[in-house]
1. Just to be sure, is PHE373 in contact with a strand residue (DSSP E or B) (Cβ under 6 Å, 6 or more places away or on another chain), aromatic (Phe, Trp, Tyr) and within 23 Å of GLY159 (Cβ to Cβ)?
2. Among residues belonging to the stretch 115-142 that are within 24 Å of LEU345 (Cβ to Cβ) and part of a loop (DSSP other than H, G, I, E, B), point out the one that is nearest to the chain's Cα centre (by Cα).
3. Just a yes or no: is a residue in the stretch 293-316 among the hydrophobic types (A, V, I, L, M, F, W, C), part of a helix (DSSP H, G or I) and within 28 Å of the chain's Cα centre (by Cα)?
4. Can you find a residue that is surrounded by fewer than 22 Cβ atoms within 10 Å (Cβ to Cβ) and not in a helix (DSSP H, G or I) anywhere in the stretch 366-387?
5. Could you please tell me which pairs satisfy a Cβ distance under 9 Å, a separation of 6+ or placement on different chains, a first residue in the stretch 53-67 that is closer than 15 Å to THR92 by Cα, and a second residue that is among the aliphatic types (A, V, I, L, M) and exposed (fewer than 14 other Cβ atoms within 10 Å of the Cβ)?
6. How do the strands (runs of 3 or more DSSP E) wholly within the stretch 14-112 filter down when requiring 1 or more residues that are on the phi < 0 side of the Ramachandran plot, at pLDDT 95 or above and among the acidic types (Asp, Glu): which remain?
7. One residue is enough: does the stretch 96-103 have a residue meeting the conditions loosely packed, with under 13 Cβ neighbours inside 10 Å and either touching a helix residue (DSSP H, G or I) at 6+ places or on another chain (Cβ under 6 Å) or among the β-branched types (Val, Ile, Thr) (or both)?
8. What are the residues in the stretch 335-354 that are free of Cβ contacts under 8 Å to residues at least 60 places away in the same chain and either part of a strand (DSSP E or B) or polar (S, T, N, Q) (or both), if any?
Amino acid sequence: MTAPALVIGGGPAGMMAAEEIARAGHRVVLVEAKPTLARKFLMAGKSGLNLTRVTPDFTAAYRNDWIAAMVAEFGPEQVQDFARGLGIDLFTGSTGRVFPVGMKASPMLRAWTRRLTDLGVEIRTRWRWTGFDGAALAFDTPAGRVLETPRVTVLALGGASWPRLGSDAAWVPWLAARGVQIAPFKPANMGLRLDWSVHMAPHLGHPVKGAALHAGDHVSRGEFVLSARGIEGGGVYAIAAAVRDGATLTLDLAPDQSMAELAAKLAMPRGKQSLSNHLRRALRLDPVKLALLNEWGRPLPATPNALAASIKALPVPHQGPRPLAEAISSAGGITRASLTEGLELRALPGIFAAGEMLDWEAPTGGYLLTACFATGRHAGRAAARALD
């Protein structure tokens, strides 16, 4: 028998929506296409689960004001309380990022799943939504094709990044055919493609520290890594959206020194030293930075002023973003105009949406997960009110 409420998608947004509906006293079924819940959540936690971030301007990181308003209601403080309520001890790093003491996602997921079960949430895995059949929702299940007609539905199917973990955007044509406006998906928090010369082989896999990436008005001092495919990591992700949207990218190899200071040091007599040794000793450029200067700055300018200018604004000759399937997250999705204040689809009354399905964008560093929690909570509460 169909439950009054159905949540499709077993990631953080869907789990949060299911919990809110159950807490309001309604029977809810949570379905997930994969054999287990929250696969992307688990993958994100492999290198340390960054739940949220403690910073005075947290909501300023969101490029969409309407999402920021929901995050303001369920932000870093509330996310921490939520995690502690599941028995997860937390710590805050030097940059304000909040992690479980154990760093992993699996203990939190197990505790959360137990709590959902205790609240009466029925969890069905290997239930893949395949679109609509008239007014019903159709699913491929271990028992065959099933049609469901709940009173309210929350969709939390993710965006279009990491399709192997379930966020494959297969739902786009089904909703578009019913009149839902969907902004095209684009990669977000992604690496940039680069074709390296053979001379860079010894440096691939190494981090770039103490540099600054400039893209239009955006500046990132974060660390990034040289990979065989290009550059990636937190420092790149912070300016990736601006680069994707057309901003020119340059690298400052000595952000703590002015161009005049660099030029003065470069003008000092170097004796029999090679230029590389002079740069290393006078400017304290490490081997990775020297390699990048030689890779992207050749032929090196002859005068101290021109060489200093190159060091301060080294053009990065990238070939664009890495593919959407490799991105940490995606921009685009269901537009604000297609949604009510409660995240209900205007074209499909009784159906709500949450998480990365929505058209919003934010950097890594706790912002992504916090918004998934916040929008799942918002949609779940609105769905519960609809049932009331």
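The values are calculated or read from the model by the stated rules, or taken from the named source; none is laboratory data. Remember, predicted model here, so these are calculated numbers, not experimental data. Positions of Cβ are generated from backbone atoms using ideal geometry, with glycine treated the same way; all protein chains shown enter the neighbour counts.
1. no
2. Across the stretch 115-142, the extreme among qualifying residues is TRP127.
3. Scanning the stretch 293-316, I find no residue that is among the hydrophobic types (A, V, I, L, M, F, W, C), part of a helix (DSSP H, G or I) and within 28 Å of the chain's Cα centre (by Cα), so the answer is no.
4. No, there is no match, as no residue in the stretch 366-387 is surrounded by fewer than 22 Cβ atoms within 10 Å (Cβ to Cβ) and not in a helix (DSSP H, G or I).
5. So the pair list comes out as PHE58/ALA72.
6. 28-32
7. yes
8. Across the stretch 335-354, the qualifying residues are LEU339, THR340, GLU344.
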